[in-house]
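This report concerns only the one structure given below.
The values are calculated or read from the model by the stated rules, or taken from the named source; none is laboratory data. Given the structure is predicted, the values throughout are model-derived calculations rather than measurements. Note that we place each Cβ from the backbone using ideal geometry, even for glycine, and neighbour counts take in every protein chain shown. For accessibility, only protein heavy atoms count, side chains too; no ligands or nucleic acids. Shrake-Rupley method; radii C 1.70, N 1.55, O 1.52, S 1.80 Å.
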Amino acid sequence: MKRIVYVMLLFIMAINFTGCVVRTRAPKAHWVPGHYNVGPYGGRHWVAGHYR
């Protein structure tokens with residue numbers, strides 16, 4: 001029984017690791033010019049340019 005639990009735990013860890021590796025291969029950050037963000041109550045505020 002313990003062996004099955006260890007195998008399942010190893011399998012889950014492998015899946016989590018591969019998910020993390022896939023996320024790090026996302027496209028490189030790019031420059032986002034300045035823009036307005038709208039708050040939850042409709043207020044707008046300026047956000048300076050930044051890297052995404």
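Table for the structure above
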{"quantity": "Top-ranked residue in the range 1-28 [being under 30 Å from Y51 (Cβ atoms), outside any helix (DSSP H, G or I) and open to solvent by 100 Å² or more (accessible area, probe 1.4 Å); ranked as modelled with the highest pLDDT]", "calculated": "K28"}
{"quantity": "Extreme residue, modelled with the highest pLDDT, among residues of the range 29-41 that are within 10 Å of R52 (Cβ to Cβ) and exposed (fewer than 10 other Cβ atoms within 10 Å of the Cβ)", "calculated": "W31"}
